[in-house]
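First up is the structure itself, then whatever we jot down about it.
A short reminder: the numbers here are calculations on the coordinates, not readings from a lab. No experiment lies behind these values; they were computed from the predicted model shown. As a convention, Cβ positions derive from the backbone with ideal geometry for all residues, glycine included, and neighbour counts pool all protein chains shown.
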């Protein structure tokens, strides 16, 4: 086995433990990994030099002192990177899985049916996203199927490149707080993700400006970005907790703050969880915010 691969396995072994070399050797053997003691100690010493491990000498009841290793700061950082890479890999495969589900099991059909439920047959839809991916394209296609006679304005962030061909769809450049459409035009405004921090309030004003009084605002956002997790029991919740705590996602408002802001602008606010996504649906726009 390559040294780099062994180092990654050893880092995982040391997570939460202080162990001397012989104990590490036994744990490697339990995983059917054979490595000579001499090579193992060379690897441990090299990891010590790189800051992946720290060591202390411990007294022994019988015999000489033993050198005990534990994770160092760089080792913790390397473990975080290993976990982050693994989560990213899972996301890629999971995204492919969702894209290829049959229509009756499609997550995108569930989302589009929910957000267009109150749409007029020939209404106007404004769909804004700051990113573009096959998943966004699939969602747009599903919305087109749910509301075949509606006119869709796909408003993308100016840095986004998108090549999508759908009937009765126009592509516009814009921002969260600058949707290039007239006041009260949209029957449905659908926002993917939300702006971070204080800019949410200004963006909400713009969404409501574009929205017809009887229209519906929907926000689609990964649950991990807005949920405050405590002690997750499922692997999915663990992944979302990790993403929330270890990336820049704390800049997003949490779920309760988001709901509170929506209720300032709308009389009726609902939330729905669809797989790892949260959909907020707000209607009955308050007149005094127009």
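Observations on the model:
- Here, segment 1-144 yields an orientationally averaged convex hull projection of 14.1 nm² when only Cα atoms define the hull.
- Per-residue Cβ neighbour rank within 10 angstrom, fewest leading, 144, 158, 205: 158, 205, 144
- Using the alpha carbons alone, the radius of gyration of segment 81-188 stands to its Kirkwood radius in an Rg to Rh ratio of 1.02.
- Contour excess over end-to-end distance, with Cα ends at residue 33 and residue 18 and 0.36 nm allotted per residue: 3.4 nm
- In a fully extended conformation the segment linking residue 286 and residue 85 would gain 67.9 nm over its present Cα-Cα distance, using 0.36 nm per residue.
- Here is how the number arises for the chain: DSSP H runs of 4 or more residues each give -39500 (n - 2.57), the sum is divided by the residue count, and the result at 222 nm is -13500 deg cm²/dmol.
- Between the C-alpha center of segment 172-190 and that of segment 151-170 there is a gap of 13 Å.
- With a Förster radius of 41 Å applied to the beta-carbon distance between residue 1 and residue 99, the computed FRET efficiency rounds to 0.70.
- Most mobile listed residue (43, 62, 235) in the chain, GNM with C-alpha springs under 10 Å: 62
- Estimated translational D of the chain in µm²/s (Stokes, Kirkwood radius over Cα pairs; 4 °C; 1.567 mPa s): 58 µm²/s
- Cα centroid separation - segment 90-122 against segment 254-290, whole Å: 20 Å
- Length-normalised contact order for segment 111-248 - Cα pairs under 8 Å, 6+ apart - percent: 22 percent
- Fluctuation leader among 212, 29, 84 - the chain, Gaussian network, Cα springs under 10 angstrom: 29
- When the chain is treated as a Gaussian network with alpha carbon springs shorter than 10 Å, the biggest mean-square fluctuation among 255, 118, 66 belongs to 66.
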